[in-house]
Amino acid sequence: MSRLTRLVQRTVQAVGPLLLTFAAAPGVAAATVEVEMLDYRFVPAEVRIKAGDTVRWINREKRTSHSVLLVASGQESERLFPAEQWEKVFERSGRHHYRCGPHPEMQGVVDVE
């Protein structure tokens, strides 16, 4: 084996994993989608995002507190008073149903691709 061939093989062994890491990294930054809590509804009631994106819920009511309760996991935000917000990053694809803890009639869905 020539000296040049050995040098190329060592370089590929050393740099190859780094190149694969960069090639596999997504080229688009994660997005944040906002959902308002207004008039005892989530607006919009359904959002579609990509895995790794964030949903930010903002309470736009004047006097009422709400929360975000993820139905499948049971995870719930703290009570959000007017103008307060809460965020969650969604890593798993699928339909994620949620509702307001104190107002179960308020319901929404996050569709993660």
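Only the coordinates and a few stated rules stand behind these numbers; no lab work does. Owing to the predicted nature of the structure, the values given are computational and were not obtained by experimental measurement. Positions of Cβ are generated from backbone atoms using ideal geometry, with glycine treated the same way; all protein chains shown enter the neighbour counts.
Brief remarks follow.
- Neighbours of Met106 by Cβ distance under 12 Å: Lys/Arg scored +1, Asp/Glu scored -1, total -2.
- Chymotrypsin sites (Phe, Trp or Tyr not before Pro) within the range 26-74, DSSP loop, no more than 14 other Cβ atoms inside 10 Å: Tyr40
- Near the amide H of Glu34, within less than 5 Å, lie the amide hydrogens of Arg56, all on another chain or at least 5 residues away, with H placed in the peptide plane.
- Sum of side-chain charges, Ala51 neighbourhood, beta-carbon under 10 Å (Lys, Arg +1; Asp, Glu -1): -1
- A DSSP coil position with no more than 12 other Cβ atoms inside 10 Å describes the following GluC sites (Glu not before Pro) in the range 41-81: Glu78.
- Rounded if a/c under 1.5, otherwise prolate or oblate - the range 32-112, Cα gyration tensor axes: prolate
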